[in-house]
1. How many residues does region B:135-172 contain that are modelled with pLDDT of 95 or more, more than 14 Å from chain C (Cβ to nearest Cβ) and part of a loop (DSSP other than H, G, I, E, B)?
2. Restricting attention to region C:193-213, which residues are within 11 Å of another protein chain (Cβ to nearest Cβ) and surrounded by 24 or more Cβ atoms within 10 Å (Cβ to Cβ)?
3. Identify, from the list A:393, A:376, the residue that is in contact (Cβ under 8 Å) with a residue 60 or more places away in the chain and surrounded by fewer than 23 Cβ atoms within 10 Å (Cβ to Cβ).
4. If a residue counts only when it is modelled with pLDDT of 95 or more and of a type in the set (S, T, N, Q), which strands (runs of 3 or more DSSP E) contained entirely in region C:117-186 have at least 3 such residues?
5. Out of C:232, C:284, report the one residue that is within 14 Å of chain A (Cβ to nearest Cβ), surrounded by fewer than 23 Cβ atoms within 10 Å (Cβ to Cβ) and among the basic types (Lys, Arg).
6. Check every one of the helices (runs of 4 or more DSSP H) wholly within region A:543-660 and list those with 1 or more residues that are at pLDDT below 95 and under 25 Å from residue A:683 (Cβ atoms).
7. Quick check, is residue A:253 within 14 Å of chain B (Cβ to nearest Cβ) and either at pLDDT below 95 or part of a helix (DSSP H, G or I) (or both)?
8. Working only within region A:848-863, note down all residues that are assigned to a loop (DSSP other than H, G, I, E, B), more than 8 Å from every other protein chain (Cβ to nearest Cβ) and not charged (D, E, K, R).
Amino acid sequence: MSQAEESKAERVKEVEDHISNQPTPQNYVGSEVRRKEDEKILKDHREYVQDRNPPDALHAAYVRSPHAHAEITDIDTSAAEEHDECKLVMTVDDYRDAGYAPMLCGIQEWAEWPLADGKVTYVGQCVAMVVATDRYVAEDIADLVEVEYERLDPLVDVMEARDSDNVLYPEMGPNAPSNVAFDETFELGDPDGVFEEADHVIEKEFDWESRASGVPLETPSALGTCNMNPEDGEEKFHVWSNQQLHTWADVAIYAALDQPREEVRVEVPLTAGGSYGTKHATVYRHAVLTAVASEMVGGNPVKYVEDRIEDLQGGDSASTDRHYKAKIAFNDDGEILANDFWLADNFGAFPRFICTNQVLKPLAIVNGPYDVEHARYEYEIVCTNKMPQTSYRGFGTPAHSWVWEMLMDEAADVLDMDPTEIRLKNYIDEEDMPYKTPSANVYGEGDYAKTVRKVWDLVEDEKDGGLLDPDRVEELREEGIYRGSGSALVLEPGLGCYDYHTRQFIPRDELATYYTPENRDFSDVVTMAEPLEAYIRTDGKVVVKISSDDQGQGHQTIASQMLADELGITPDDVVVPQQDNLDVASDVGSASSRMATVMSSAAIGLGEKLRGQLEELAADHWGIDTEQVEFDEGGVKQLSTEGVEPVDKRHAERLEQEFLTLTELVHIDKMMETGDSHFKPQAELKTYAYYEYPDVAYENREYFEEAMIRKRPTYPSISFAANVPIVDVDVETGEIEIQKIYSVRDSGRIINPMIVEGQHHGGIMQGIGAALQEEFGYSEDGQPQSTTFFDMMLPSIENLPELEIEKQETWSVFSKSGAKGVGETGIMDIPASLAHSVNDALKPLDVTVEEMPMTPNRVRSWIRDAGDAPAPADD
Amino acid sequence: MIDNTSDRPTQEITLTVNGNEITEEVEPRHKLSDFLRYRADETDVRVGCEHGACGACTVEVDGKNVKSCMLFAVQADGSEVLTSKALNDDDELGPIQEAFHENHALQCGFCTSGFIMATKELLEENPDPDREEIVEGLSDNICRCTGYVNIIKAVEDAADRIDTVSQATGDD
Amino acid sequence: MKSEPFVYHSPSSVEEVVSLMNEHDHAELVAGNQSLAIQMNNRLATPDHLIDLNGVDELAYVDERDGEIEIGAMTTHKTIANSDAIDRTVPILAEAAQQIAGPSVRNVGTLGGGIGEADPAGNYPTVLTALDATITITSESGDRDVGVDEFFIAYMMTEVGENEMITGATVPTDPFPIGRTGMSFLELKRVPHTWPKLSAAGIVRVDDPTRDDPTVEEARLTFANASDTPLRVEAAESAVEGTSLTDDALEEAAEIAMDSADPADEMQAEAEYKEEQVGIFTKRALREAYDRALDQ
């Protein structure tokens, strides 16, 4: 056994021991516990942001820019203010004069005022906020605000913008004056040397300019209230919104409000109406401005619900928009030696806070699933007159993985190798796990080649009389339907460490000098642990306080399952209330596929701690040694009373009761020392516990130290999926129909198979949308083309192909629970997989996919350019 | 042009919403969806697009499904309106809701009321739909979380549940 | 997305509608409200008066007569899609209605609304053009019938003048004898909640479907979204008439149709692509219609 294998086996054993040593049975974890969230939602007892309507609330609407790029020469609010139901018209001057601050950007020396300041740089940009008695009237009044514009040349194309003298914000950013807000180059190993020596080098350009994004059905919304006369301990502002990551991204709200955190309570619903990463950056503008407006109108709550057209047009709702120049070097035998990816990402008018990290995350999987030692990774964050980007499920990796798979197809073609063979030849060997990537991230576990073989085993039957029967495929081809299939295995990195998120705030020379193993100490690395808190109520129910935010993932259910097993109770005995930002410790929240992974790990730690405390409590109560008690299902039992002489009758009575339930324990806890006091400080209670599960990469320092010190992205959770989509391309119309997707999906240990499958289904569908149809298009003058759902073609039920999914569980060697991320599944792997199958389908025509999404008109243009297909034989 | 600064036109309307008769003075421009949410407090009517594409606001008006964002409340004057909530029995989930719960056919839940109404109409017209008919029946509704897989299962399950109920009660 | 204020009227007869239109300036008629509501909510349409036709029950009918079938303007997509009479005589109209969005839209959307909106991508304008229908327009001075070829005059503009309303459409059924007529409606559309990038209506009547290689006696070929108004390509029809729909004839028809098309660029469907697809759809729609004519 190699050293690596030994250490891996040790880790897995550790997790297994953990579980087997746990005194309570695993009744719920791993089983399809039905969701706790559902009943409330289905009975309309759960409140979404839109649903809260205080009687004294006022309603806001925006005046938004009709132009992509223009100077604002005048804003005349007089007619609006004369309207007898107008409560407020706010421009950036009003906002600034009242002492509020700009919103955070993702790049050093960048600032964005929440209302346009002197110029507009995208269509839909908020220019003024109007507040009135209801939304209808607010829109009437917004129409009365007269804004004069002087139009400027719009910049839409990323390659044009990066060189242009027409700079959107000439005074901002480290490259000022430039539309390239930030850029970096990572030389990993010796890419130049390898490219020089390799038998083959291919270089291609790729476009993923769709900006495909989450587009949750619930739009960004906020209800801000200013407490004009706060009593001591009351916060100045209360914001009810669907802000994602509310326990740490609340900084975007309180910093703009120029308040200490303690003065801004951010409350979010127990379940928001979807987000998929987007609502962390699409909401805070409205949270800030409704709070400010509330102060300006004298304290009435101010409500704003973005409407769909606003959202699609200028709601910061789009995502990845990249042009790639990508190279790989390989030898005659198909061994891939190095990759070199350059990309320019069109971030639109502002490089929004943390979304800019979407160009960094791919660095964690710079080599994809392949064993490649040398790499160059260069990115440019480019500003144009498109709307700013938000984050989206996958956080920048779907495009990266797609480029990799397209290059692998190209390499196979050059060498005339089977595309699966060349992949199998290059997958990282299971024996080399944990595997350190060129960027120093580490993949913990997984047998990629075996997983790919497994998915082909599933497909096997299709080859004989099924979808892939050669006769059938041939027959279809004669009708002009080109059927293709192929296997791509794609990595799904999760659990990004906090430290790298601030990389783009650091001057680049410092990144090169200070952030090195020589100069930076590991203790300087900033991490965010996963906090979890629980206490036992007087009725024996266990209240779990989570800091993470739910947008449909099932936080309550997962937390209940975990704690139920930790304490030997049922999920119904666990209570998971909503928590405001100020009620709990900060947590990264629902990002980076964290929830189930870190919450499950934290729950193990918390369970251990709570059980230990309860054992102490019981031992104390019985006056015996802690060795003589043991936590059992739902309480603590006495193992022996050997060597204990009751000191009095009461003690003897106590000893007779050989099992103490949680209810009894909580009463004992609150009675001791201070008497029967239900006001005993929480910190002193043994029935209360707080636990922090450390950052996974930080905890596994021996593997991740270098990457963390260098402030590079570390993603210690590497889930993966191997897919074989079977696709039909109608070569006359360019339409792609997915006949079936076979998929083997591995996200480590599964806590709730039903929820995991739900994530797979939804993620796969979003992957299909991004691959085939979703697009935020722009005209040359910067007018958005997808401003309704008629143009933004979210997949409908009619787009659902047949799915055959097999779940595989390679437990994480790094996380305490063995779970890995599943929140970003599907969207990360499906686009690359589908494009790979389309390449296979169109191989006879010498057409390869170089642009996403693969809409019928694009597919047709590729086929046309390749010299067209032979006309199908008429029947 | 109508003077929209002060005396905007209003009209008194009466609707029966989930069995409750509601009479209100409204502006003709008020959408049925807003009326149901703000005046009738039926917040299970969710607003996802306000242009008739997503189906989240689907309600039944006089026996047929409509997207309530595409109807002005005055147009429903005198109508019987049902929202998804009305399909629950007393404190229990109704059979369609139960099927959605059992089959994990909702995640964020924002689109769910609309899907429940679409399911209701589909199953009333076709108590035993095949997969293709289910797809057709739900094609006016968008879900962004579930990928529709479990929604289809839930509709099949709901059909069975309703069938069982009607057999037990002797309905046909 | 909230409309400007307006006054609402809900007449119950055509007569009442006509008098309301004459009485009020800046009035709009609303039928199923599946398109006007969007325009109004975006404040692109700002009528002062909204006249709701949903109470005008006399306009919801399907009337099959000798040699023609008349459909009232307020007949819903659902009624059209489910009408036995329509399915028997002009099935392409039922097919086109069934392909509009999903059930809740078809519950309320109407024939008159679809015609009046005159969206170049709309199903009814294209199919009614293929069927050579007549649209009935009603005003104070009575009814007037306008042939569909003259009805759609420009992008989203029709013959309907001020204070006029669409009350129905009449489709002649004589040209389409049951048993030797086939009809086909094809769409290029990724999701139900969008408009087709292109659609085609093809109708073929053959001399005798029992013969070998029956001859096309008459063909109809129209397109949606291939130009500003529904596009009928009569020269392409002629190219296949008198043939047994040979490949050469189809190829010629396709060339002619492509030459006649003048589509607009749109996202995910540039003019070049649409034009090319006009050729493909010519062949597919006529082929399917021909096959259906033979297969009964």
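1. 3
2. Residues satisfying the conditions are C:193, C:197, C:198.
3. Sole residue among the options that is in contact (Cβ under 8 Å) with a residue 60 or more places away in the chain and surrounded by fewer than 23 Cβ atoms within 10 Å (Cβ to Cβ): A:376.
4. Answer list for region C:117-186: C:134-139.
5. Within the list C:232, C:284, the selection yields C:284.
6. Qualifying helices (runs of 4 or more DSSP H): A:595-622.
7. no
8. Those that are assigned to a loop (DSSP other than H, G, I, E, B), more than 8 Å from every other protein chain (Cβ to nearest Cβ) and not charged (D, E, K, R): A:848, A:849, A:853, A:854.
The values are calculated or read from the model by the stated rules, or taken from the named source; none is laboratory data. From a predicted model like this one, the values you see are computed outputs, not experimental measurements. All Cβ positions, even for glycine, are placed from backbone atoms using ideal geometry, and neighbour counts span all protein chains on display.
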